[in-house]
Amino acid sequence: MKKPGICLIILLLISACHSGEKGPAANSTEKTPTEQTTQAEPSGNDTFTNLLPSVVNIDTYDNGRILESGSGFFVNENLVVSRASFFASANQAEITPYNEENKYKVSGYLAVDRINDLILLQVENIRRPPVKLCDSLVSPNQKSLYLTKPHGQTIPLHKGSVLAVATLQGSKVYQVSNKFPKISEGGPLFLSGGNCIGLCFSTVSDYEKQYFATPSTFIQELLKNKSATPKSLADLMNNTNSTISAANSKIKGLTIETDMGDIQIRLFNQTPDYRDNFIKLVREHYYDNLLIHRVIRGFGIQSGAADTRSAGKDDVVGWKGPGYTMPAHVVPGLFHKRGMIGSPRKPDTENMRRRADGSQFYIVSGRTYTDEELNQIEKENNIHFTPEQRQVYKTIGGAPHLDGSYTIFGEVTSGMDVVDRISTVEVGREFRPKEDIRVKRIRIIE
């Protein structure tokens, strides 16, 4: 569909998608060129005019109260990709294509990638041609363009260039010289020939606003992992309905597949919010290919940080979660014996309510303790160990200093030998293993 009266655009030279080429690191010193804006003029090529029906504005709502406004674009005839963070508190959403004023209801989402901040939305009563996605990373120094909604007889076409393929909080991104107004965040970034290389966003990095694009390769992964039927937008929030929670309580266990072997676990029904949250993230493929980023001999191993999937060898990691935290839920009777699974958190000085990270978890390998050591921990932490707990800590081992302060939500049922092997690897700064060890994926055992 074309909007009557819109003039066509003068295009730049076409740049193809380059397969497998990677640019400099995030600390690239290349200077940023000044952004330019081209107004639409008559031309023999209507590439960007034809793209207008496929780019949309998005409004999100909480029970009719507007929350966020952003952009997105069609990647299938009725599927729109946008930024997942727009929908953090939303239970409704509408889209408006750039070439019209009609609003269309979002019926739900088919996939979400919290690490790269992407969501795949299904839209009712509309079909549009998809934007063509590049299937590989493009090299730096190529010209990049994005378009904003037409005003009158012109299509604003904003020009810039790809500065680098960088890593931002553990995610692979394009750093670009284009400067996006807020309404364009979530829109497509193009090469001059009309191929989409990524989804636009901006953030404050190194104390100044910088401009990036999430590569189209992650959008293609999202399409591969989409579910057959849409889920309610409300399911994105940190809660689970009673039907799903009841089903989760019957799950037999999960298998954590790592580079060093498999670890079988079960989640406790005494902590249903943590159980349901963990299973939700597993179903979203959140944990796939994340690092086991922290290993402390005599304590255990830790994974689940969103900034580890694409982290470089020298990157400081372990600070990025799924965008939310969890309220503490310390269950009497559950203690940090060897094999227990718990949720890390920031220290009390920064976290008075002791809220836990929304995705990270640790597995206790532990060590044995003497009565004298346990007496000292009781005194320092104002807790009391039962005779049974003392016997376990003295013979089997664990991490008693965490009792009463950290949420335990599961335990290892098989594969502690794998945990032990990981817990003895050589580590560097911040207890990160010198050689990467990854959680390849987590499987649910129904």
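The values are calculated or read from the model by the stated rules, or taken from the named source; none is laboratory data. Every value quoted in this text rests on a predicted model; they were computed, and no experiment measured them. Ideal geometry is used to build each Cβ from the backbone, glycine not excepted, and the neighbour counts take in all protein chains shown.
The table below gives the values:
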| item | result |
| --- | --- |
| Members of segment 54-69 that are of a type outside the set (A, V, I, L, M, F, W, C), closer than 17 Å to Tyr98 by Cβ and modelled with pLDDT of 95 or more | Ser54, Asn57, Asp59 |
| Options Thr217, Thr167, Thr243; residue that is closer than 23 Å to Leu110 by Cα, in contact (Cβ under 8 Å) with a residue 12 or more places away in the chain and not hydrophobic (A, V, I, L, M, F, W, C) | Thr217 |
| Whichever residue in segment 131-187 is aliphatic (A, V, I, L, M) and within 18 Å of Pro97 (Cβ to Cβ) and, among such residues, is farthest from the chain's Cα centre (by Cα) | Ile155 |
| Elements of type strands (runs of 3 or more DSSP E) contained in segment 107-184, each with 2 or more residues being modelled with pLDDT under 95 and touching a helix residue (DSSP H, G or I) at 6+ places or on another chain (Cβ under 7 Å) | 143-147 |
| Failed criterion for Met237 (all others in (1) among the hydrophobic types (A, V, I, L, M, F, W, C); (2) at pLDDT 95 or above; (3) within 18 Å of the chain's Cα centre (by Cα) hold) | (2) |
| Unique residue being within 16 Å of the chain's Cα centre (by Cα), crowded, with 17+ Cβ neighbours inside 10 Å and either modelled with pLDDT under 95 or not charged (D, E, K, R) (or both) when the list is Phe212, Phe190 | Phe212 |
| Those strands (runs of 3 or more DSSP E) lying entirely in segment 248-334 with at least 3 residues surrounded by fewer than 21 Cβ atoms within 10 Å (Cβ to Cβ) and either outside the structural domain of Ser414 (by TED's automatic domain parsing) or touching a residue at least 60 places away in the same chain (Cβ under 8 Å) (or both) | 253-258, 261-267 |
| Hits in segment 62-73 (condition: in a strand (DSSP E or B) and more than 22 Å from Ser202 (Cα to Cα)) | Asp62, Arg65 |
| Hits in segment 399-446 (condition: among the polar types (S, T, N, Q) and in a loop (DSSP other than H, G, I, E, B)) | Ser405, Thr424 |
